[in-house]
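To start, the structure itself, in structure tokens.
The values are calculated or read from the model by the stated rules, or taken from the named source; none is laboratory data. Not measured: the values here are computed from a predicted model. Methodologically, a virtual Cβ is constructed for each residue, glycine included, from the backbone with ideal geometry; neighbour enumeration extends over all protein chains shown. Surface areas here come from the heavy atoms of the whole protein model, side chains and all, with no ligands, DNA or RNA. Shrake-Rupley method; radii C 1.70, N 1.55, O 1.52, S 1.80 Å.
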Amino acid sequence: MVWRQSKTTSQALREPEELRWPEPIRTAETVTSGHVLRYECDGLGRYPECGGRGWVPDETRGRESCRACRRSRVCLTCRGAARLLVSGLSSYQRG
């Protein structure tokens with residue numbers, strides 16, 4: 001019996017894509033009356049850490065789950081609406 005062992009070099013299945021940030025769902029001009037732009041996601045409807053991907057780049061493993069959205073891919077506070085109802089804000093949040 002002859003045993004042969006070899007190693008193949010690792011290859012990417014496709015060229016890496018540049019990460020594109022999504023366009024905001026809402027802007028200061030498009031927020032409907034009675035609402036304010038969500039201050040953490042700034043109208044994006046997604047967390048700025050992951051941009052709606054649900055993951056962030058990681059040096060050792062390539063990528064890891066987003067700690068802010070927990071892979072839900074939307075802002076947990078506004079649920080992707082990118083706005084908040086003014087009447088639902090506390091006096092502290094209103095400034």
Worksheet item: So GLY54 clears everything in (1) out of contact with any strand residue (DSSP E or B) (no Cβ under 6 Å at 6 or more places or on another chain); (2) surrounded by 12 or more Cβ atoms within 10 Å (Cβ to Cβ); (3) closer than 28 Å to GLY95 by Cβ except one condition, right? Which one?
Response: (3)
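Going by what's in this entry, would GLU64 be described as touching an Asp or Glu at 6+ places or on another chain (Cβ under 7 Å), modelled with pLDDT of 85 or more and among the acidic types (Asp, Glu)?
Details: touching an Asp or Glu at 6+ places or on another chain (Cβ under 7 Å): yes; modelled with pLDDT of 85 or more: yes; among the acidic types (Asp, Glu): yes.
Yes: the conditions hold for GLU64.
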Fill in: Answer residue from segment 62-95, given it is under 18 Å from GLU23 (Cα atoms) and charged (D, E, K, R) and is farthest from the chain's Cα centre (by Cα) among those
ARG83
Worksheet entry | Looking only at segment 1-44, and only at residues there that are closer than 30 Å to ARG63 by Cβ and among the hydroxyl-bearing types (Ser, Thr, Tyr), the one that is farthest from the chain's Cα centre (by Cα) | SER6
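So how many residues does segment 70-95 have that are part of a loop (DSSP other than H, G, I, E, B) and either free of Cβ contacts under 8 Å to residues at least 40 places away in the same chain or open to solvent by 50 Å² or more (accessible area, probe 1.4 Å) (or both)? Spell out how you get there, then give the answer.
Initial filter on segment 70-95 (part of a loop (DSSP other than H, G, I, E, B)): 70-82, 89-90, 95.
Within this subset, residues satisfying the condition of being either free of Cβ contacts under 8 Å to residues at least 40 places away in the same chain or open to solvent by 50 Å² or more (accessible area, probe 1.4 Å) (or both) are 70-77, 79, 90, 95.
Within segment 70-95, residues that are part of a loop (DSSP other than H, G, I, E, B) and either free of Cβ contacts under 8 Å to residues at least 40 places away in the same chain or open to solvent by 50 Å² or more (accessible area, probe 1.4 Å) (or both) number 11.
When you go through GLY34, GLY45 one by one, which is the residue that is in contact with a helix residue (DSSP H, G or I) (Cβ under 7 Å, 6 or more places away or on another chain) and either open to solvent by 50 Å² or more (accessible area, probe 1.4 Å) or modelled with pLDDT of 85 or more (or both)? Write out each step before concluding.
Working: GLY45 fails: in contact with a helix residue (DSSP H, G or I) (Cβ under 7 Å, 6 or more places away or on another chain).
The unique qualifying residue is GLY34.
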